[in-house]
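Presented below is the structure to which this report refers.
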Amino acid sequence: MTILRPDLAIISANIAPGARVLDVGCGNGDLMAALRDDKGCDARGMEIDSGNVSAAMARGLSVIQGDADVDLLDYPQAAFDYAILSQTLQTTRRPDLVLEQLLRVGRKAFVSFPNFAQWRIRVSLMWGGRMPVTQQLPARWYDTPNIHHVTIDDFRGFLKERSVSIEGQWFLSGGKTTSAAGANLLAEHAVFLLSR
């Protein structure tokens, strides 16, 4: 049994057995392997990094090398029960368009991301005056893959503007779930289950 990163464990726990799943930005395939092995899901993946694609394929997973910003257009509408974008939204060039495509190819979509409004980040900016380097954001400002700094409140507002339904939401701090109350200030990561 694969031990999953906390946001991936939440996603896995909330996917129905036997579902058709597309994991966009699947990394080395940890979530896909868990869904295949533990839930009998038909899990497919897309990953931009060739080393991760090779690692996932070595595990017997069906993964293609692709870029979420352009290659989601190649999938038919509602081709999957779930489309997943974990810790990837903030790295895309056009997260608004990627999310539209995610909700087009999947009947439901899971999105997880680091919360850039979490109190440690705010304190680091306020007192240190520099972009923080933390366990959740280990890269420096000039070499980070994160090009869009999204907060939980930003994301909720974005969904409301586009009439996207929130079917579930989970918030993580220190790898453990935390209350929705004050999540924009307290949570390090967020996981949303979305639908149209």
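The values are calculated or read from the model by the stated rules, or taken from the named source; none is laboratory data. For clarity, every value in this text was computed on a predicted model and none was experimentally measured. Heads up, the Cβs are rebuilt from the backbone with ideal geometry, glycines too, and the neighbour counts pull from every protein chain shown.
Brief remarks on what is shown
- Helices (runs of 4 or more DSSP H) contained in the stretch 60-135 and holding at least 2 residues surrounded by 13 or more Cβ atoms within 10 Å (Cβ to Cβ) and over 19 Å from the mean Cα position of the chain (by Cα): 119-123
- Some residue of the stretch 179-195 being over 30 Å from Asp74 (Cβ atoms), at pLDDT 90 or above, in contact with a Phe, Trp or Tyr (Cβ under 6 Å, 6 or more places away or on another chain) and not in a loop (DSSP other than H, G, I, E, B): yes
- In this structure, Gly51 qualifies as in a helix (DSSP H, G or I), exposed (fewer than 15 other Cβ atoms within 10 Å of the Cβ), free of Cβ contacts under 8 Å to residues at least 24 places away in the same chain and not hydroxyl-bearing (Ser, Thr, Tyr).
- Residue check, Leu35 of a type in the set (A, V, I, L, M) and surrounded by 22 or more Cβ atoms within 10 Å (Cβ to Cβ): yes
- Any pair with Cβ under 6 angstrom, 6 or more apart, that starts in the stretch 92-111 at a residue that is more than 15 Å from Asp67 (Cα to Cα) and ends at one that is hydroxyl-bearing (Ser, Thr, Tyr) and buried (at least 23 other Cβ atoms within 10 Å of the Cβ): Gly106/Tyr82; Lys108/Tyr82
- Taking residues in the stretch 157-176 that are modelled with pLDDT under 95, and partners anywhere that are surrounded by 13 or more Cβ atoms within 10 Å (Cβ to Cβ), the pairs with Cβ atoms closer than 6 Å and at least 6 places apart or on different chains are Ser173/Leu186; Ser173/Ala187; Ser173/Glu188; Gly175/Pro6.
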